[in-house]
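Worksheet for the structure shown next.
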Amino acid sequence: MQRLALVTIFALLLFPLLACSVVFSSQPPTSDTDVHDASVAPEPTDYATSLPTYTATISPPPPKTPAPRPSATPSPTATAEPPPPVPTPTEESWPRYVVVRGDTLSEIAARFGTSVDAIARANGLADPDRLSIGQELIIPDSALAAVPTHPTIAEPSPLPASTDAVEQASTPAPEPTAVPTAQPASIRESTVTLNLADYQGALVPLQPEQVGYPYDGLDHSRTGPPAARQFRALVLENAFLEVTIVPDLGGRIYQITDKVHGLPLLYNNPATIASTWGMRGWWLAVGGIEWALPTEEHGLAEYLPWQATVEQAGSTASVVLSFEERLTGVTCRVRVSLDEHAYVKIEPTLANDTGAEQRLQFWINAAYSPGGRQVPADTRVLLPARQVRVHDTSDPGLPGPGQVMPWPYYGPRDMSLLSQWQGYLGAFAHPGAVAGWMGAQSPGLGGLIRVFPPESVPGAKFFGLGDIPYSRYSLEPSAYLELWGGWSPTFWDYRALGSGESVTWEEYWYPLPEMGPVAAATRDLALSVGDTVVELAATAPAQLEVEAYDSAGVALGRWRAEIQPGLTWRSPSLTARPGAVQVRDPAAAEVILAWRG
């Protein structure tokens, strides 16, 4: 999210001093934490991604092989292979914790469910009472089972065979009045009316010495009040989703509507004014999903028209958006597609056709707001990580910008819940995304999931407004939660794209029905594991087999699940909390999702 006025002033003072600054060069500023190779993956942890995985490609890209999808005609099997031996955890697999101001070793030990002596021995601490801010501590393996965080995901592997008979269980909730059947996607042209500030007459060309050049600044004193303005829209639609794109306002996805429940998922500002946020000193919080490049924050090009072409190929309809970025000369193309699934496929491509290497950032920023206007206080941020790096916050009880803190628990507070915040908060998964999914959930309203290849696009960030008044960006009460996905790990990192190189990847965004907190997600399935229940949501009709085991590996149940998009499949009540869940496609005899707590 945008930094506030003090950060903007600091940026104005700092940029002229940089050797390769946005002001004096055709390349953005460098960083001590630059990522130079688009194929470099973040350091491994035990948050392994569930099947399937997706990888980015450097031009020329290799052919893509579609991941297997659940079959609609299963032939159930009642047996499975035994699990492989569980490796003994080593120091390399133990989590790390970075000390922040006010920490004591006893508090850290209590937070991770281990002892002071165990941490002291693992780190060779002569005096456990002396810690340094920024010091990295190894948390011994004995703590892993007690870490108060979202359940970890293990590499998909077979679970012990169950001798139980396959039980039938399919309890959808909430159930729509009518469940649609899959159908090919279509595309049509339409219009949308936005209540938008009159800003175009107040645009001021920026000078080479100003941050944001060669784009436009804004004379805020000359902007007019919001008024109804009509924009051309391109609408993709299938049985489950309606996706509205506005090419002439940054090529943004303006809205994704869950047709099964009649619920818009993205924020639409009811009366947009020009905020003072962003690298140019102004930004329009219109809402939807915007493409931010070539700098951090909201980038520089989200207010300009993007070219748009439409494509219809079989059951797939697509809008291809393109923009030649002024600062670097890099061409950005974003393909937005619908097929018969209940997900939106987003394929960004960055192509450097200039004669020199270019350094830039690219971020996808989704303004989540179920219903389109507000974010419930009990909304949960879904970010499977043990630590986050704070971007900015007004919460006096949290570390400041640039510092690392544990996630989701900080002391007694579960920071994944917006209700636990005491101000605004923005943070990145640290040291980068590892599980390949993120999102948000609002009880009673469902949620939104993003699935992506973390080894290629490691940026995963959230920002919530907290105590920021709506008057900073709108004339009417409204709010949103930003979900960011980035080609670089943080706003402090730039990546290099060589002359003649291009990079592309695939992401999948989809609505969640009402269900418990998500523990694992792929483009096909989302899994929730409760104390006495297992829940699944799918992006296509599927007949699957689900197995649950307790922490000792004893079978709790095995069921045949018939799943429809928009509905929540629930297992019967269990006698213990599952310690492992496996979902299998019986027709293909494949495990398509596996989770271990």
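The values are calculated or read from the model by the stated rules, or taken from the named source; none is laboratory data. Just so it is clear, the model here is predicted, and its values are computed rather than measured. Don't worry about glycine lacking a Cβ; one is built from the backbone with ideal geometry, like all the others, and counts go over all protein chains shown. When the accessible area is computed, the model is the full protein with side chains, heavy atoms only, and any ligands, DNA or RNA have been set aside. Shrake-Rupley method; radii C 1.70, N 1.55, O 1.52, S 1.80 Å.
Just so you know, in the range 195-220 the residues that are more than 15 Å from SER275 (Cβ to Cβ) and of a type in the set (Phe, Trp, Tyr) include one that is least open to solvent (accessible area, probe 1.4 Å), and it is TYR215. Out of TYR480, TYR470, one residue alone is among the aromatic types (Phe, Trp, Tyr), on the phi < 0 side of the Ramachandran plot, modelled with pLDDT of 95 or more and open to solvent by 30 Å² or more (accessible area, probe 1.4 Å). It is TYR470. ALA429 falls short on exactly one of the conditions (1) in a loop (DSSP other than H, G, I, E, B); (2) modelled with pLDDT of 95 or more, and that condition is (1).
The criterion of being within 30 Å of THR331 (Cβ to Cβ) and either touching a Phe, Trp or Tyr at 6+ places or on another chain (Cβ under 9 Å) or modelled with pLDDT of 95 or more (or both) does not hold for TYR549.
Each row is one residue, and each column tells you yes or no for (1) open to solvent by 30 Å² or more (accessible area, probe 1.4 Å); (2) assigned to a strand (DSSP E or B); (3) of a type in the set (A, V, I, L, M).
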site	(1), (2), (3)
GLY355	yes, no, no
ALA367	no, yes, yes
GLY371	yes, no, no
VAL381	no, yes, yes
PRO384	no, no, no
HIS391	no, yes, no
GLY397	yes, no, no
PRO401	yes, no, no
MET405	no, yes, yes
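Pairing each residue of the range 366-391 that is at pLDDT below 95 with any residue that is aromatic (Phe, Trp, Tyr), provided the two are 6+ apart or on different chains, yields no C-beta distance under 6 Å.
The number of residues in the range 90-100 that are modelled with pLDDT under 65 and among the charged types (D, E, K, R) comes to 2.
Checking each residue in the range 432-442 for being over 11 Å from VAL381 (Cα atoms), touching a Ser or Thr at 6+ places or on another chain (Cβ under 9 Å) and modelled with pLDDT of 95 or more picks out GLY432, GLY436, TRP437.
Restricting the range 228-270 to residues that are of a type in the set (Asp, Glu) and more than 21 Å from the chain's Cα centre (by Cα) leaves a set whose member that is least open to solvent (accessible area, probe 1.4 Å) is GLU237. Tell me whether the range 304-316 contains one or more residues that are crowded, with 23+ Cβ neighbours inside 10 Å and in contact (Cβ under 8 Å) with a residue 60 or more places away in the chain. The answer is no, given that none of the residues of the range 304-316 is crowded, with 23+ Cβ neighbours inside 10 Å and in contact (Cβ under 8 Å) with a residue 60 or more places away in the chain. For residues that are open to solvent by 10 Å² or more (accessible area, probe 1.4 Å), among the polar types (S, T, N, Q) and either under 23 Å from ASN238 (Cβ atoms) or within 19 Å of the chain's Cα centre (by Cα) (or both), tally how many sit in the range 502-531. Number satisfying all stated conditions: 1.
When each of ALA366, ALA377, ALA351 is tested for being out of contact with any strand residue (DSSP E or B) (no Cβ under 6 Å at 6 or more places or on another chain) and among the hydrophobic types (A, V, I, L, M, F, W, C), the lone residue that passes is ALA377.
Return a yes/no flag: does the range 486-501 have any residue that is out of contact with any helix residue (DSSP H, G or I) (no Cβ under 6 Å at 6 or more places or on another chain), open to solvent by less than 20 Å² (accessible area, probe 1.4 Å), under 30 Å from HIS261 (Cβ atoms) and at pLDDT 95 or above. The answer is yes, given that some residue of the range 486-501 is out of contact with any helix residue (DSSP H, G or I) (no Cβ under 6 Å at 6 or more places or on another chain), open to solvent by less than 20 Å² (accessible area, probe 1.4 Å), under 30 Å from HIS261 (Cβ atoms) and at pLDDT 95 or above. Evaluating ALA540 against the criteria (1) open to solvent by 10 Å² or more (accessible area, probe 1.4 Å); (2) touching a His at 6+ places or on another chain (Cβ under 7 Å); (3) within 22 Å of THR379 (Cβ to Cβ) leaves one unmet condition, (3).
Taking strands (runs of 3 or more DSSP E) as the structural unit, those lying wholly within the range 483-580 and holding at least 3 residues that are farther than 29 Å from GLU297 by Cα correspond to 525-529, 534-538, 542-549, 555-563.
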